[in-house]
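Have a look at the structure below, then the notes.
Just so it is clear, none of the values below were taken in a lab; they were calculated from the coordinates. Since we're looking at a predicted model, the values are computed, not measured. Note that we place each Cβ from the backbone using ideal geometry, even for glycine, and neighbour counts take in every protein chain shown.
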Amino acid sequence: MTGSTGRPGTWLAWTRTLPLEGDTEAIFAALHGADGGTAVWLDSAQQAYGMGRWSIIGAPEGPRDHVVEFWAADGRVRIDGADAGSGIDLWELLAERLDANPVDAPADLPFAGGYVGAIGYGVKDIGTRRRMPEPDAQLVHLSRFVVVDHVDAVVQVVATGPASDEADARSWIAATARRLGEIAPLAPPLAPPSAGAAEASVTRVRYRRDLDAVRSWLLAGDSYEACYTYTLRCPVDDAPFEAYRRLRRANPAPYASYLRMPGRTILSCSPERYLTVSRSGWAETKPIKGTARRLADPAADRAAAAALAADPKTRSENLMIVDLLRNDLGRISAPGTVDVPQLMAVETYATVHQLVTSVRARLLPRPAAGVRAAGALFPPGSMTGAPKRRTVELLDALEAEPRGVYAGVIGAFSRCGAVDLSVVIRTAVVADGVARIGTGGAITIDSDPAAEADETVAKSAAMLRAFGCTHPFEDGQSRA
């Protein structure tokens, strides 16, 4: 047990460490079922490039746990399905709730309870906030959860709360530890049913016409780079959990996640770090700009990675977003601390090579600094363009439909002050028997429409395959 009595409202953390036995998907299924109520799994399915050490699995099982849902158009909040007001700023709500009850957790615990979930692109405070039937953000408060350490091969069973929760917390830890000792491996996931070509929100003709419109902004100087996106839809004929199990095998990622929320399930295999904030206030963002398909021939694959790193258009895309993020981070950080320790490095994943830059800084001290930093940088610069405000306004008017969860963030806001969030790319939102998948790419003055279309196909291929679908641009459909 850890905790501090130095500040009123501080909660305690009770923990038990166990050896890791079995895969995290078996742990999730054993604790929360393959199909059931609200549960979340931040799944480090791949440990790579300094990311992906820990996975977090939990459900709102504690006496103070709840689900927050937020609609950006009117700032409306519901907590566990009950109206909790309107005109609310989501970032301030999270900051106030987390700061009211900090947890002084062990140093080796990356998450000390708090909020886990998804904040969609629509939560942005620039451009147009469109009214949506589904919430723009859903977050689960967790005070009962397990943390899997993939490096040390241990599982930490954790409960947090005020001292009065101790008996309940210890009882829950003991029961969960017993269940973890009885886990059996799962059978291999079923093959996906064949569902044919997905439906796209744009045809090839509309896609090229929209890229012409973006080019006109660039020529006029209204934007220097714009991340244009569209949506794919495909039918879901089996359980989302089965689709996710296929996905994490075919395309493992350090920021994978499976979020079973009220009314929908979110499946993600994102490789992109939006923001991580340490307890000491150091922040890092790792924008991805530049994608190339993996190739079966090793020599050709290495050549593709080298070509990506050297491509002038791709480097230009990356550099513009790096400048944008250095500026955004600099406004909320201590003077002289903004640094770029890694500039335009190639990172290789199961299906694509990516060009990635790291930007770091020390945040100015303030309560819940990590949450407020996430809000200050939102929406992700890699999913907007530059200059951010004007480009977002133009994209809002051009894109065929709202982005929804896509281009937002997924991750954890901890009561110890840490934050760890991914950018919502390579992600499907499943509701009412349909998977919705966003895809897109950065458009610059040097962009070739055919190459840009091919990049959007490459980015969405693994997601579509998990549901037995293909991209309509690949199949020669969606042309008119």
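Couplings 3J(HN,Hα) for region 182-194, derived from phi with the Karplus relation 6.51 cos²θ - 1.76 cosθ + 1.60 (θ = phi - 60°), are 10, 6, 10, x, 7, 5, x, x, 6, 5, x, x, 7 Hz, where x marks Gly and Pro. Model label points for Leu343 and Asp152, set 7 angstrom from Cα along the Cα-to-Cβ axis, are 3.7 nm apart. Close amide-amide hydrogen proximity is noted between Ser223 and Leu218, each under 5 Å apart and 5 or more residues distant or on a separate chain (H modeled in the peptide plane; Pro and chain starts excluded). Above 23 Å, the calculated P(r) of region 197-291 contains 52 percent of its Cα-Cα pairs.
Helix-only arithmetic for the chain: the sum of -39500 (n - 2.57) across DSSP H runs with n ≥ 4, divided by the residue total, places the mean residue ellipticity at 222 nm at -9000 deg cm²/dmol.
Shown here for region 133-198: trypsin sites (Lys or Arg not before Pro) in loop regions (DSSP other than H, G, I, E, B) with at most 12 other Cβ atoms within 10 Å, of which there are none. Taking 4.7 Å between beta carbons as the limit, the unpaired Cys residues of the chain are Cys227, Cys269, Cys416. Between the entries (1) 1.15; (2) 0.94; (3) 1.04, the label attached to Cα Rg over 2.2 N^0.38 Å calculated for this structure is (2).
Using a cutoff of 8 angstrom between alpha carbon atoms and counting only pairs six or more residues apart, the relative contact order for the chain works out to 22 percent. The packing ranking, built from the mean of other Cβ atoms within 10 Å per residue, places the peptides 15-26, 128-139 in the order 128-139, 15-26, highest first. Net charge of the neighbourhood of Asp74, taken over other residues with C-beta under 9 Å away and scored Lys/Arg +1, Asp/Glu -1, is +3. Backbone phi angles across region 130-138, fed through the Karplus curve with coefficients 6.51, -1.76 and 1.60 (θ = phi - 60°), yield HN-Hα couplings of 8, 6, 10, x, 8, x, 6, 8, 9 Hz in residue order; Gly and Pro are listed as x. Compute the relative contact order of region 86-171 as a whole-number percentage, counting only Cα pairs closer than 8 Å that sit 6 or more residues apart in sequence. 23 percent.
As a length-normalised measure over Cα pairs under 8 Å and 6 or more apart, the relative contact order of region 399-480 settles at 19 percent.
Converting phi to 3J(HN,Hα) with the Karplus coefficients 6.51, -1.76 and 1.60 and the offset θ = phi - 60°, region 336-345 yields x, 9, 5, 9, 10, x, 9, 10, 6, 9 Hz in sequence order, with x at every glycine or proline.
Taking amide H atoms as placed 1.01 Å from N in the peptide plane, the amide H of Gln342 lies under 5 Å from those of Ser358, each 5 or more residues away in sequence or on another chain.
Note on Ile183 and Ala82: with the Förster distance fixed at 41 Å, the Cβ-Cβ geometry gives a FRET efficiency of about 0.70.
Residues whose amide H comes within less than 5 Å of that of Asn251, counting only those at least five positions distant or on another chain, are absent (H built at 1.01 Å from N in the peptide plane). Between Leu20 and Ala250, the simple spin-label model (points 7 angstrom out along Cα→Cβ) gives 2.5 nm. Around Leu20, under 10 Å between beta carbons, what's the net of Lys plus Arg minus Asp minus Glu among the other residues? Its environment carries a net charge of -4.
Pairs of lysines in the chain whose Cα atoms sit within less than 20 Å of one another amount to 10, provided the residues are eight or more positions apart or on different chains. Against the chain, whose longest principal axis comes from its Cα atoms, helix 90-100 is set at around 20 degrees. Residue exposure proxy: Ile443, Ile437, ordered by other Cβ atoms within 10 angstrom of their Cβ from fewest to most, comes out as Ile443, Ile437. Here the extension length gained between Ala451 and Leu190 equals 90.6 nm, from 0.36 nm per residue of separation less the Cα-Cα distance.
Reducing region 84-153 and region 330-378 to their Cα centroids gives an inter-centroid distance of 19 Å. For the pair region 33-67 and region 211-226, the centres of their Cα atoms are 40 angstrom apart.
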